[in-house]
Structures are given as C-alpha cells and as structure tokens.
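For reference, the structure is listed below as structure tokens.
The values are calculated or read from the model by the stated rules, or taken from the named source; none is laboratory data. Owing to the predicted nature of the structure, the values given are computational and were not obtained by experimental measurement. Here the Cβ is made from the backbone with ideal geometry for all residues, glycine too, and neighbour counts use every protein chain on show. Note: accessible area is taken over every heavy atom of the protein model, side chains too, but ligands, DNA and RNA are not part of it. Shrake-Rupley method; radii C 1.70, N 1.55, O 1.52, S 1.80 Å.
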2 protein chains.
Amino acid sequence: MSHEGIDLGTSVGYLMKEASSALRTAMEAVLRPLGMTITHYSCLELLAQRPGLSNSELARGAFVTRQSMHVMLLSLERDGVVSRPGQPESGRVLPTALTEKGRAQLATASAAVRAVEKRMTRDLDIDEQSRFGFMLTQCTASLRAG
Amino acid sequence: MSHEGIDLGTSVGYLMKEASSALRTAMEAVLRPLGMTITHYSCLELLAQRPGLSNSELARGAFVTRQSMHVMLLSLERDGVVSRPGQPESGRVLPTALTEKGRAQLATASAAVRAVEKRMTRDLDIDEQSRFGFMLTQCTASLRAG
DNA sequence: TACTGTATGTCAGAATACTGACATGAGTCA
DNA sequence: TGACTCATGTCAGTATTCTGACATACAGTA
C-alpha cells in the first residue's frame, strides 16, 4: 500500500517552494548586514516606485497582511525612514512617503537585491527569463482564479 | 532624481515571490478545513516518501529550522500522527514514522494539494511544465552557489 | 434619506518561526 | 588516545506574522 502522493522531486509546487525559499534566504543574507528585513526592503522599494501608497496597498504589494505592514510602518516611521501625515486628506487612507534617509537606505539595499536576482537568473538567457516570468505570471493568475 | 531600482512589474524575483505567495495562500485555503498547516502537511508528505527521516532532515525538506520542526513533531507525536522511538538506535538521530492515523490524514490532504498544483499549472502543457521545473531548479542552484 | 457592501487604519492576542545556546554523539586526523 | 570539527536533539527567549475585532469612511442602491 504505497502512498500515491506528490513526487517531491518533480513536483512543480515543491520546486517553486524550494526556489522561493532559496531566494528568501539569499535576500535575507544580503539585507541582514544592512539591518533590514525583506518586508522592510519591500516596503521601501514599493514606495520608491509608487509614492503615496497606503498601508493596505503596501501590504498587498509585499504579500503580508495590512496588520503586519502597520507595525512595520510604525517602526519605519519611528526610525525616520518613511513619513505619513497625521491626518488623512480624505477617507481614512494615510499616504506614505520615503524620507531622504529612506531613499539612501533603499539605494544600498536595492543594489544588493539586484545582485541576488541577477545571480538567480544567471543561467537563463534573455528569452528564457522572459518566458520564465510569463510562466510565473500564469501560475499566479491560475491560482488566484480559484 | 529617479530611483534606479527594481521594476517590480517585470522583476523575476518579484514574480516568483508573487507566485509562491499565491501558492501558499491556495494551499492554506485547502488545508485549513482539514486542520492542517503547510508545515504540518509537508512533514507528513516527506515522511510518506522517505520513512524514517530525522527531525533535521524533515526541517530541511520543509524549509524551516530544525527548532521549528521539533515543536511541530512534538505536537504531531502528541496527536498520534507520527511516532518516534524513545531512544536513538545510534547517535542522536530519532527516525520518525507515520502512524496509520497519519497516513489517513495525509491521503486527504495530498489529494487537495495535488488539485491546487494542477490548477496552478493548468495553462502550461507538459513540455512547458518540465521546462518550468528545470528553470526553477536552475534558479535554486544558482542562488545556493552563492 | 437610509441601508448595504466594501475598504481602511488600528488595537489586542494567538500562532508560528526564528536566533542563540547547550550537551551529546560520530567522524577525522595528528 | 586526544583534540577538533560537524551534525543532531532540545531548551529558552525573541521576533515576526497572523487571526479576530472594532470603528470609520466611501460608493452604490432602494
């Protein structure tokens, strides 16, 4: 009576978990010396590309709950890396912005993360990289479609 | 002065994080009704395929620390899902085995997870799936090579 | 207007995984 | 033999994220 389960060696799901775990480990390794976590970095990178993002929007972009992002923003605000208005302009949304200190922090971190990403895909040529990215996007869409 | 960072929309790293986050969410959604977490399920699946795995080996296979797996095994043992000898045969390694209850639990969970994985790759044909898996493996290897 | 549904910011507590540390056992090598 | 290195199981404490909950704000609709 053998278990008709998932062959971990060839399961795309397992391989994806393995790869993302390796990516996570590699990113933590380069961010730790900078005193940053992955969520910390993700938050800064998101704000650099789309300034004024709200707490909830940042949470979705960093793939954590808005509660988790909330505590992250509190500490980033305390450290003077980001700033938020005391009162919302309309509704409840508090748009967040990078400070100069935040931009400086991000510059270093972003270079380090770019190096990791480059290392990850070093065995894939341009066409393969774009094909790979497209497949990942397809997987994401299919999973979310339910 | 624009930020020369990572374009999140096309970054392979970001797309991978997005996909693995979607996979995680989908797996949690099907495992939660069964009263199982992803680590819980991973542990059972590993044991089904390679009976007698030690705590440390299970940890590596599930991509968590051996300390985390240790507390997981304690609760699985308490629930009668796995069993370990009271004393090691040699060294300090305690080989773990699934109980009948554990096998039953796994059968249900494994079917649910297989369905999720199938959904994830439903837009990829056989060749693309194998190509995708190979690319993931390459990424993992490159990241670990440092 | 009133109502419903959806989204937000925030607080509190629980669950989960992590880092640090220690002792034990096996293997290697001088 | 003894010293050294490495991997393991385990304990303790910390950190991070999550779930649950609440009040608030807006858009759409009857």
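Structural remarks
- Cα-based shape type of the range B:103-146, given that a ≥ b ≥ c are square roots of the gyration tensor eigenvalues and the cut on a/c is 1.5: oblate
- Residue by residue, the range A:49-54 carries 3J(HN,Hα) couplings of 8, 9, x, x, 4, 7 Hz when phi is fed to the Karplus relation 6.51 cos²θ - 1.76 cosθ + 1.60 (θ = phi - 60°); x denotes Gly or Pro.
- Of A:Gly91, A:Gly35, A:Gly80, the one that fluctuates the most in a GNM where chain A has Cα springs shorter than 10 Å: A:Gly91
- Axis-nearest residue in chain A [Cβ, rotation onto B], distance in whole Å: A:Ser20, 2
- Looking at the range A:24-98, the GluC sites (Glu not before Pro) that sit in a DSSP loop and have at most 10 other Cβ atoms within 10 Å of their own Cβ are A:Glu89.
- In the elastic network of chain B, a GNM with C-alpha springs shorter than 10 Å, the most mobile of B:Ala19, B:Ala59, B:Ala97 is B:Ala19.
- Sulfur and carbon atoms: percent of accessible area, the range A:24-89 [1.4 Å]: 50
- All Cα-Cα distances of the range A:1-73, cut into 5 Å bins from zero to the largest, leave 3, 14, 18, 16, 16, 12, 8, 6, 4, 2, 1, 0 percent in each bin in turn.
- Placing a pseudo-label 7 Å from each Cα along the Cα-to-Cβ vector at B:Ala29 and A:Ala97 gives an inter-label distance of 3.8 nm.
- Relative contact order of chain A: 21 percent, from C-alpha pairs under 8 Å at least 6 residues apart in sequence.
- Chain A: radius of gyration over Cα atoms, expressed as a fraction of 2.2 N^0.38 Å: 1.26
- Computed with a 1.4 Å probe over protein heavy atoms only, the accessible area of A:Leu47 comes to about 0 Å².
- Across the range A:40-115, the mean sequence separation of Cα contacts (distance under 8 Å, 6 or more residues apart), normalised by length, yields a relative contact order of 34 percent.
- Interface B:A - total buried accessible surface [probe 1.4 Å, Å², rounded to 100]: 5600
- Residue-normalised convex hull volume from the C-alpha trace of the range A:34-120: 93 Å³ per residue.
- Alpha-carbon Rg/Rh ratio, for the range B:72-137, with Rh computed the Kirkwood way: 1.20
- A helix-only calculation puts chain A at -21500 deg cm²/dmol for mean residue ellipticity at 222 nm, using -39500 (n - 2.57) for each DSSP H run of at least four residues, averaged over all residues.
- Sites matching trypsin sites (Lys or Arg not before Pro) across the range A:64-146 that sit in DSSP coil, with at most 14 neighbouring C-beta atoms within 10 Å: A:Arg92, A:Arg122
- Residues whose amide H comes within less than 5 Å of that of A:Val82, counting only those at least five positions distant or on another chain, are A:Glu77, A:Thr99 (H built at 1.01 Å from N in the peptide plane).
- Rg over Rh, two decimals, the protein assembly as shown (C-alpha only, Kirkwood Rh): 1.01
- In the full protein context, the range A:44-146 carries 54 Å² of accessible surface per residue, based on a 1.4 Å probe and ignoring ligands, DNA and RNA.
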